[in-house]
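Worksheet: one structure, shown below.
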Amino acid sequence: MGKLTYSWGKAKRGDIISFRYPNKEGRILRRTILVLEPKLMNEAKNPSSKFLMHGIQLEVSNQAINAPNVMQNILESAGYVEVVDEAKQVYRVEIEGNTQKVYTSLKSLIKKHGIYRTYNYDKARKSQVFLEDLRLPPAYVKELLGEN
């Protein structure tokens with residue numbers, strides 16, 4: 001397992017990325033998210049930042065928020081899961097349709113687990129970004145790698 005160095009300019013929908021981001025108390029924690037919108041214009045009346053990043057939070061400080069089978073369910077509901085790096089177990093999701101459609105398909109999981117997050121893009125960008133590995137069920141990993 002491992003991670004791959006990445007850049008903010010390359011980040012796109014469906015990437016599973018990690019970066020350091022402060023929580024409400026100011027502690028900086030490593031977040032791993034499935035990106036739904038990498039750089040969306042903030043349309044609030046008094047925006048604190050010009051752009052926001054929307055995603056599904058999968059891990060905090062390299063601790064999975066959910067069990068591996070729930071993680072599999074989240075990824076499959078979002079779209080088609082593909083392997084980026086087999087040796088390091090890095091994956092991404094090919095998201096079909098617009099973000100609203102993906103959010104609707106994930107709505108029950110989002111409500112149940114409280115995993116939808118919005119990040120200040122400028123704050124997130126201050127940190128280095130990586131394509132991150134995930135702990136998925138072994139049988140599912142074999143299926144993704146075509147070993148069944």
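The structure-derived value of mean projected area of the Cα convex hull in nm² appears in the list (1) 9.0; (2) 9.7; (3) 25.0 under the label (1). Counting other Cβ atoms within 10 Å as a rough exposure proxy, the listed residues 92, 30 run 30, 92 from fewest neighbours to most. From helices alone, the chain scores -7500 deg cm²/dmol at 222 nm; the rule is -39500 (n - 2.57) for each run of n ≥ 4 DSSP H residues, then divide by the residue total. Applying the criteria of a DSSP loop state and at most 14 other Cβ atoms within 10 Å to the GluC sites (Glu not before Pro) of segment 61-105 yields 86, 96. Lys/Arg Cβ at +1, Asp/Glu Cβ at -1, dipole of segment 1-118 taken about the Cα centre: which of 91, 35, 80 is farthest positive-ward? Of the candidates, 35 comes out farthest on the positive side.
Hey, fewest Cβ within 10 Å first, where do 65, 16, 115 land in order?
Lowest count first: 65, 115, 16.
Which lysines have a Cα lying under 16 Å from the Cα of residue 88, excluding residues fewer than 8 positions away in the same chain? Cα-Cα hits under 16 Å: 3, 142. One Cα centroid belongs to segment 8-37, the other to segment 43-117; the line between them spans 10 Å. Ranked for footprinting exposure by Cβ neighbours inside 10 Å, fewest first, 107, 3 give 107, 3.
With respect to the chain, whose longest principal axis is taken over its alpha-carbon atoms, helix 99-113 is tilted by about 80°. Extension gain, residue 62 to residue 7: 0.36 nm times the residue separation minus the Cα-Cα distance gives 17.8 nm.
As a length-normalised measure over Cα pairs under 8 Å and 6 or more apart, the relative contact order of segment 3-145 settles at 33 percent.
Coordinate-derived values only; no laboratory data. Just so you know, these numbers come straight off a predicted model, no measurement behind them. Neighbour counts are summed over all protein chains in view; Cβ atoms, including those assigned to glycine, are modelled from backbone coordinates with ideal geometry.
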